[in-house]
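J.: Here's a structure for you.
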Amino acid sequence: MRSLSLITASTLLLASGVVAAGPALAGSVGNGDITVNAPDYAPRAGCATYPIKWNVNLNASGGQSLLLFLTVTKSKKTVAQTHVQTSISESGVFSPRLCNANGVYTITAQYEEQTQSGQTGAALTTQLNIMNPGLKPVVHPYFTGTPHAGHVLVAHPGKWNPSATSYRYQWIHDGRSVRGATHNTLTLTSQWSGHTVALKVIAATPGHSEGVYITKSVKVS
């Protein structure tokens, strides 16, 4: 059985204050065998198609064709699906027709080799986002407090357009996210001395993609 691993777009933690742009293809998975790319889409009135690109480049164990199964679900309910007989090296587009689409959908891709053994690959999953444009900061997030061991830093989420209804926080140590440091306050321990601290704020509101902002890094004394 061929196992396909999930690959997600990596997050670049920037040292300067910047709005962190999302990847051009927001939902993208693959490992060289199968790749599925689903761009972000804005909601459309009524029924519309939402093209999803796929690519197969398979070193098959036998035979020269396979069945590729593509399924779109929302809240575990199937809203579109198809299967394609393809060669082991081919590209195509799956264009599910969705009505009054809005929100986050899950795309699942799986193949079955057209051989006597009929080997089946593990399922890949990625997201199809059908939402209004992401939130943008009009007042940039920042943090206050003395950057010195033993002191407490406090996050301020700024202001966003459209207005955010919730925020998530991630404190960053020398460019890397700190596991568990996801509150709006951070106590600087001695381990921070001589290193840098920054803050990532993720703003959200229903019907829109999330907005992300990373503050400038500050050295802790």
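Just so you know, all these numbers are worked out from the coordinates, no wet-lab data involved. Since the structure is predicted, the reported quantities are computational estimates derived from the model, not experimental observations. For neighbour counting, all protein chains shown are included, and Cβ atoms are generated from backbone atoms with ideal geometry for every residue, glycine included.
J.: So what's the net charge close to G134: Lys and Arg +1, Asp and Glu -1, counting the other residues with Cβ under 13 Å from its Cβ?
T.: -1
J.: Out of residues 5 or more away from H195 or on other chains, whose amide H comes under 5 Å of its own, with H placed 1.01 Å from N in the peptide plane?
T.: V220
J.: Next question, about the same structure. Would you calculate the separation in nanometres between label points at T146 and S177, each defined as 7 Å from the Cα along the Cα-to-beta-carbon direction?
T.: The modelled label-to-label distance comes out at 3.2 nm.
J.: Take S190, project a point 7 Å from its Cα along the Cβ direction, then tell me which residues of segment 140-174 have their backbone nitrogen under 18 Å from it.
T.: Residues 148-152 fall inside that zone.
J.: Could you pull the Cα extents of segment 136-219 along its three principal axes, largest to smallest, in whole Å?
T.: For segment 136-219, the Cα extents along the three principal axes come out at 42, 22, 17 Å.
J.: Moving on to the next point. Excluding T108 itself, calculate the net charge of residues whose Cβ lies under 14 Å from the Cβ of T108, where each Lys or Arg counts +1 and each Asp or Glu counts -1. Let's see the in-between values first.
T.: Working: positive: K74, K76, K77; negative: E112.
My count for the surroundings of T108 gives +2.
J.: Within segment 141-221, which trypsin sites (Lys or Arg not before Pro) sit in a loop by DSSP and count at most 12 neighbouring Cβ atoms inside 10 Å?
T.: R179
J.: Taking amide H atoms as placed 1.01 Å from N in the peptide plane, list the residues 5 or more away in sequence, or in a different chain, whose amide H sits under 5 Å from that of G103.
T.: For G103, whose amide H was placed from the backbone, the distant partners under 5 Å are I130, M131.
J.: Relative to the present Cα-Cα distance, how much length would full extension add between E112 and K216 at 0.36 nm per residue of separation?
T.: Working: separation 104, 0.36 × 104 = 37.44 nm, distance 4.84 nm.
Value of the extension gain: 32.6 nm.
J.: Let me ask something else. Obtain the nm distance between the two label points defined at T165 and Q85 by a simple spin-label model: each point lies 7 Å from its Cα along the Cα-to-C-beta direction.
T.: In this crude label model, T165 to Q85 measures out at 4.8 nm.
J.: Right, next: Calculate the spin-label point distance for V139 paired with K76, positioning each point 7 Å from the Cα along the beta-carbon direction, and give it in nanometres.
T.: Here the modelled spin labels are 4.2 nm apart.
J.: Can you work out ³J(HN,Hα) from phi for every residue in segment 76-86, in order, using Karplus 6.51 cos²θ - 1.76 cosθ + 1.60 and θ = phi - 60°, giving whole Hz and x for Gly and Pro?
T.: 6, 9, 6, 10, 6, 7, 7, 9, 10, 8, 9
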